[in-house]
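Report on the following structure.
The values are calculated or read from the model by the stated rules, or taken from the named source; none is laboratory data. Keep in mind it's a predicted model, so treat the numbers as computed, not measured. Reconstructed Cβ throughout: ideal geometry from the backbone, glycine too, with neighbour counts over all protein chains shown. Protein only, heavy atoms only, side chains kept; ligands, DNA and RNA dropped before computing areas. Shrake-Rupley method; radii C 1.70, N 1.55, O 1.52, S 1.80 Å.
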Amino acid sequence: MLIIGITGTLGAGKGTIVDHLVKKKGFQHYSVRGYLLEEIRKRGLPENRDSMVIVANDLRKQNSPSFITDQLYLQAKKTGKNAVIESIRTPGEIASLRTKGKFYLFAVDADPKIRYSRIKQRASETDKVSFETFIKNEQREMSSDDPNKQNLGKCIQRADFVFKNDMTIEELIFQVEIVLKGIE
């Protein structure tokens, strides 16, 4: 079973890579965001980025820095199929997944203005923010000394492959395909 973790900045193209892996390569998709939204609904909280951060940090603090991705890995292991786990946010999640077999971490980033434009187009509930809030949210999640909190900067540094996605979807997928040929 091949496991690909996806990390990166907001609106950079994580979902585009996931869609390609699922639709063209037969991967099963496991979403940290989806997992958190279920928990947010159980707790009766508003479905926004603040709730996602609070719930994620709380689950990690109560259990372990890798708790959420460990839960998703257990779901994936039951199928035995290649899996993509989207939205890796802590170094602990990476460390844990690296112990579980054939694991590679992909990171994706892009210019902030391009990324903001993308999130406005997708218009999910957690994306309805101003550009200033978008940048503020990202800065909050970029680094932390607390192992239970988001540290995107460290996650991107620890990636096996980093994609700079200031390009077309076709160009991004071409880069992903090159990497896949080398690891499959």
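Couple of notes before you dig in:
- When the test is whether a residue is open to solvent by less than 10 Å² (accessible area, probe 1.4 Å), touching a residue at least 60 places away in the same chain (Cβ under 8 Å), closer than 29 Å to E171 by Cβ and in a loop (DSSP other than H, G, I, E, B), I119 does not pass it.
- Scanning region 1-52 for residues that are surrounded by fewer than 21 Cβ atoms within 10 Å (Cβ to Cβ), part of a helix (DSSP H, G or I) and among the aliphatic types (A, V, I, L, M) yields V22, L37, I40.
- Subset of region 129-145 that is in a loop (DSSP other than H, G, I, E, B) and without any contact (Cβ under 8 Å) to a residue 12 or more places away in the chain - its residue that is surrounded by the fewest Cβ atoms within 10 Å (Cβ to Cβ): D145
- The single condition from (1) touching a helix residue (DSSP H, G or I) at 6+ places or on another chain (Cβ under 7 Å); (2) closer than 17 Å to M1 by Cα that L21 fails is (1).
- Residues in region 164-184 that are charged (D, E, K, R) and under 19 Å from D111 (Cβ atoms) were compared, and the one that is surrounded by the fewest Cβ atoms within 10 Å (Cβ to Cβ) is E170.
- Filter result for K154 (within 15 Å of the chain's Cα centre (by Cα), surrounded by 15 or more Cβ atoms within 10 Å (Cβ to Cβ), modelled with pLDDT under 90 and among the basic types (K, R)): no
- Scanning region 63-86 finds no residues that are in a helix (DSSP H, G or I), among the small types (G, A, S), farther than 24 Å from V179 by Cα and without any contact (Cβ under 8 Å) to a residue 60 or more places away in the chain.
- The single condition from (1) charged (D, E, K, R); (2) under 16 Å from M1 (Cβ atoms); (3) open to solvent by less than 30 Å² (accessible area, probe 1.4 Å) that K78 fails is (3).
- When K61 is tested against the conditions (1) closer than 19 Å to K149 by Cα; (2) buried (at least 18 other Cβ atoms within 10 Å of the Cβ), the lone failure is (2).
- Counted residues, region 146-172 - those being under 18 Å from I68 (Cβ atoms) and not in a helix (DSSP H, G or I): 7
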